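Step one of this worksheet: look at the structure below.
The values are calculated or read from the model by the stated rules, or taken from the named source; none is laboratory data. Everything numeric in this text was worked out from a predicted model, so none of it was measured. Methodologically, a virtual Cβ is constructed for each residue, glycine included, from the backbone with ideal geometry; neighbour enumeration extends over all protein chains shown. These area figures cover heavy atoms from the full protein model, side chains too; ligands, DNA and RNA do not enter into them. Shrake-Rupley method; radii C 1.70, N 1.55, O 1.52, S 1.80 Å.
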Amino acid sequence: MMSQNFETFTNIVNSSPVLTDRFSALVQDTISAARERHGVDLTIEDCTSIAELRNATLGAELDRDELDRQLQELPKLSDSKLKVDVAAGDQEAMAVALQKVNAGKEAVHHERSSEDRARRISLARELGIATPPPVQDDLRSRAEKIELLQEVKNPAKRVALARKWGLL
């Protein structure tokens, strides 16, 4: 996940018990805060990629506002917030999610196009933009819908109908 190499920082922290303890405490606080506020589980690699945590580990004063800003830039948090906004029906969030799903598809080699399509469909599902919201059908119960689905012979149509009714 890390696009940068933080080997030098890791070596410095590992060479000093004081820095190791400080970094561990900062990482634990950050992971707990992300889980409580955003419902996202961060890794140590995610925390290492945050410049404010690295600076605070090395002795700078921790700026909570800057830390929050850098947290929001992490892919896990930005995807989580985007997913919530899409679920709330925010059209701008849907446009951003669609742009994120389609980013880079022009640069994919034709031999990798199937893999890229699968990746984009998976991301679209994660963000909540792959399928339309379920149709509200108050006339039928869940059990009645399942019985009707069992009568559909075509598996693709069965799955599409189940998604349409909000059963999948």
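A few remarks follow.
- Residue match in the range 54-74 (condition: assigned to a helix (DSSP H, G or I) and closer than 15 Å to Glu126 by Cβ): no
- Residue satisfying all of: in the range 27-84; at pLDDT 90 or above and among the hydroxyl-bearing types (Ser, Thr, Tyr); farthest from Ile129 (Cα to Cα) among these: Thr57
- Restricting attention to the range 38-53 and to residues that are open to solvent by 50 Å² or more (accessible area, probe 1.4 Å) and outside any loop (DSSP other than H, G, I, E, B), the residue that is nearest to Lys81 (Cα to Cα) turns out to be His38.
- Check on Asp116, assigned to a helix (DSSP H, G or I), over 19 Å from the mean Cα position of the chain (by Cα) and without any contact (Cβ under 8 Å) to a residue 60 or more places away in the chain: no
- So Ala25, is it touching a residue at least 24 places away in the same chain (Cβ under 8 Å), small (Gly, Ala, Ser) and either part of a helix (DSSP H, G or I) or open to solvent by 90 Å² or more (accessible area, probe 1.4 Å) (or both): no
- Checked against the criterion of being under 24 Å from Phe6 (Cβ atoms) and open to solvent by less than 90 Å² (accessible area, probe 1.4 Å), the candidates Leu82, Leu127, Leu58, Leu74 yield just one match: Leu74.
- Only listed residue being at pLDDT below 95, open to solvent by 30 Å² or more (accessible area, probe 1.4 Å), outside any loop (DSSP other than H, G, I, E, B) and of a type outside the set (Lys, Arg), chosen from Asn5, Asn11: Asn11
- The range 28-37, residues that are within 16 Å of the chain's Cα centre (by Cα) and open to solvent by less than 70 Å² (accessible area, probe 1.4 Å): Ile31, Ala34
- The range 54-68 residues that are at negative phi, paired with ones that are charged (D, E, K, R) and assigned to a loop (DSSP other than H, G, I, E, B) (beta carbon under 9 Å, 6 or more apart): Asn55/Glu61; Asn55/Asp63; Ala56/Asp63
- Flag if Ser122 is open to solvent by less than 60 Å² (accessible area, probe 1.4 Å), part of a helix (DSSP H, G or I) and hydroxyl-bearing (Ser, Thr, Tyr): yes
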